[in-house]
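Q: Encoded as structure tokens, here's the structure I'll be asking about.
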Amino acid sequence: MARYIFITGGVVSSLGKGLASAALGALLQARGFSVRLRKLDPYLNVDPGTMSPFEHGEVFVTDDGAETDLDLGHYERFTGVAARKTDSVSSGRVYSNVLEKERRGDYLGKTIQVIPHVTNEIKDFIEIGDDEVDFMLCEIGGTVGDIEGLPFFEAIRQFAQERPRGQCIFMHLTLLPYLAASGELKTKPTQHSVKELRSIGLQPDVLVCRSEQIIPEKERAKIALFCNVRPEAVIPAYDLKSIYEAPLAYHQAGLDQAVLDAFQISPAPKPELKVWEDVKDRITTTDGEINVAIVGKYTQLEDAYKSIKEALMHGGMANRVKVNVDWVDAEVFDKGDAAPHLEGYHAILVPGGFGERGTEGKIKAAQFARERKVPYLGICLGMQMAVIEAARNVAKIKDAGSEEFDHEAGKKRFEPVVYHLKEWVQGNYTVTRKETDDKGGTMRLGAYDATLAEGSKVAEVYGTTAIEERHRHRYEVDVKYREQLEACGLTFSGMSPDGRLPEIVEWKDHPWFIGVQFHPELKSKPFAPHPLFADFVRAAVETSRLV
Ligand code: GLN
């Protein structure tokens, strides 16, 4: 039976609950325990798949094809444990399950209520895979006091009550605001937040206090007294230069020790922190820097490309260089010249995306990178743009484009080099889709195998010819243009095992130009940078030395 750590937040949102949870997961691993992290989100969307990246940041895709919250990305990057569909749930999903059961008659005519039906559904979800790990860390989205969050708080209260004593603990994150005028850190919001928690039956065992200033011992003791928490379980959390310093910082602040003490695990196994020390060293001791342009659509909101940014940092760590990222809005040169916006960058990355807006600019970015021999990494839509560019400008296929934009416009304007995929093989099954399918969860999602061509650049980068990567797309490069494009020098160097779906393209006579249909950024970790990102950054370092 697993032990459970429930992580909640108070005072304000965006305190870094996900990061604290992920860092705690890493620290428990460092002490030899196995962990799984879970996110319970109170919003009513069934999953974040259909939410705009402007609203919710990036959609993180799991191997088993779930579209989840970006916090699951943090969890994976810190623990290396591949997240699953069952690691993320929202109110929308919970209610839709409950209503489905009600329609099926599963509740035998009972009146359906938040307690017990909704709370039971949440509890069932929390304990999936209970026997697989030592610790299950469950983070509740939002802040205590939110109306939508109440069923979740009630469910974790019941859950802990029903388990043997000492099996569940509660960790609460708060903020200590600093009043410059009086030069004081204020503890009152924290006291109120804990009071709110206690009013719904939850007593935190560990308090993590975010603060921009050092928290004096006196204030720590005061928080402990007023919040009914042991003084050594009041953990200060200060701002860090890099999120990857969080495991070491939280360890020094005593977080993992406080958690083990709360479970009365004694003696606590000694932590092995070499991995995180090495990660920190690679961030702090660098030799040189490179400038990468990410040419995309959601450039105002960096969270929309969270995993890509992190993967680039990991690539930097692999090469011990600092990676500076500039967000370039592709729409700016949709009609104009890309060169003035892209000159001077050591590498160009065109990320995934949906819809036609900005695509002409992305196509120009691919052309610029090809012609000027600047390293280019195209991810998903970024690969499709590179293929369209090759088709239009090199293979001279008139009006080459993607069906995605024709569908949007409701008329045929393009030769569909990229077409709407309606049937594909997943394991031993054929998956089919219709034009009229819902927008949610109907893409080619999750992990698929690809076979790489011997002697290709990607085979060299990966060091193998068999890979598995995560997908999230509806459209696909049409293999019928393969011969024509390869004759021009664009090699189809990665294919689905049945040879029908192009997975990777690369330009033969180019120092580094690779487009991938999948999302390699989702699998990169600070302690295991993804080979494509590590090599992309290496190529950029070479370019930087030429200039
Ligand atoms: N919009 C494209 C598709 O659906 C690309 C998706 C993506 O970049 N994730 O195929």
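Q: Any residue in the stretch 96-106 that is in contact with a Lys or Arg (Cβ under 8 Å, 6 or more places away or on another chain), surrounded by fewer than 22 Cβ atoms within 10 Å (Cβ to Cβ), part of a loop (DSSP other than H, G, I, E, B) and not hydrophobic (A, V, I, L, M, F, W, C)?
A: No; the residues of the stretch 96-106 include none that is in contact with a Lys or Arg (Cβ under 8 Å, 6 or more places away or on another chain), surrounded by fewer than 22 Cβ atoms within 10 Å (Cβ to Cβ), part of a loop (DSSP other than H, G, I, E, B) and not hydrophobic (A, V, I, L, M, F, W, C).
Q: Residue by residue through the stretch 251-299, note down the ones that are under 23 Å from PRO231 (Cβ atoms), hydrophobic (A, V, I, L, M, F, W, C) and touching a residue at least 60 places away in the same chain (Cβ under 8 Å).
A: LEU255, VAL259, LEU260, ALA262, PHE263, ALA268
Q: Something else now. Just one of ASP256, ASP278, ASP261 is surrounded by fewer than 17 Cβ atoms within 10 Å (Cβ to Cβ) and not in a loop (DSSP other than H, G, I, E, B); which is it?
A: That would be ASP278, the only listed residue that is surrounded by fewer than 17 Cβ atoms within 10 Å (Cβ to Cβ) and not in a loop (DSSP other than H, G, I, E, B).
Q: Additional query: Would it be correct to say that ILE156 is under 32 Å from the mean Cα position of the chain (by Cα), outside any strand (DSSP E or B) and either surrounded by 17 or more Cβ atoms within 10 Å (Cβ to Cβ) or at pLDDT 95 or above (or both)?
A: Numbers: under 32 Å from the mean Cα position of the chain (by Cα): yes; outside any strand (DSSP E or B): yes; either surrounded by 17 or more Cβ atoms within 10 Å (Cβ to Cβ) or at pLDDT 95 or above (or both): yes.
Yes.
Q: How about the stretch 393-482: which strands (runs of 3 or more DSSP E) wholly inside it have at least 3 residues that are away from the ligand (no atom under 14 Å from the Cβ)?
A: Counting at least 3 such residues, we get 423-426, 429-432, 444-452, 466-473.
Q: Pick from the stretch 348-369 the residues that are within 11 Å of the ligand (Cβ to nearest atom) and more than 21 Å from ARG538 (Cβ to Cβ): which of them is surrounded by the most Cβ atoms within 10 Å (Cβ to Cβ)?
A: Initial filter on the stretch 348-369 (within 11 Å of the ligand (Cβ to nearest atom)): 350-356, 359, 362.
Still in the list and also more than 21 Å from ARG538 (Cβ to Cβ): 352-356, 359, 362.
Numbers: GLY352: 25, GLY353: 23, PHE354: 18, GLY355: 11, GLU356: 16, THR359: 23, LYS362: 30.
Filtering first and then ranking leaves LYS362.
Q: Being more than 17 Å from SER242 (Cα to Cα) and buried (at least 21 other Cβ atoms within 10 Å of the Cβ) is the requirement here; does VAL292 meet it? First the steps, then the outcome.
A: Working: more than 17 Å from SER242 (Cα to Cα): yes; buried (at least 21 other Cβ atoms within 10 Å of the Cβ): yes.
Spelling it out, VAL292 is indeed more than 17 Å from SER242 (Cα to Cα) and buried (at least 21 other Cβ atoms within 10 Å of the Cβ).
Q: Filter the stretch 307-317 for residues that are within 15 Å of THR284 (Cβ to Cβ) and aliphatic (A, V, I, L, M) and give the result.
A: Within the stretch 307-317, MET313, MET317 qualify.
Q: Okay, next question. Go through the stretch 36-75 and give me each residue that's in a strand (DSSP E or B) and out of contact with any Gly (no Cβ under 8 Å at 6 or more places or on another chain).
A: Within the stretch 36-75, ARG38, THR68 meet the criteria.
Q: Being in contact (Cβ under 8 Å) with a residue 60 or more places away in the chain and assigned to a helix (DSSP H, G or I) is the requirement here; does LEU248 meet it? Steps first, answer last, please.
A: Values: in contact (Cβ under 8 Å) with a residue 60 or more places away in the chain: no; assigned to a helix (DSSP H, G or I): yes.
No; evaluated as a whole, the condition is false for this residue.
Q: Test GLU121 against the stated conditions and say whether it is surrounded by fewer than 22 Cβ atoms within 10 Å (Cβ to Cβ), within 15 Å of ARG38 (Cβ to Cβ) and without any contact (Cβ under 8 Å) to a residue 40 or more places away in the chain.
A: Yes; evaluated as a whole, the condition is true for this residue.
Q: I've got another one for you. In the stretch 489-521, how many are within 16 Å of the ligand (Cβ to nearest atom) and not in a strand (DSSP E or B)?
A: So the count comes out to 8.
The values are calculated or read from the model by the stated rules, or taken from the named source; none is laboratory data. As the structure is a computational prediction, the values presented were derived from the model and not from experiment. A quick note on method: Cβ atoms are made from the backbone with ideal geometry, for glycine too, and the neighbour counts reach across all protein chains shown.
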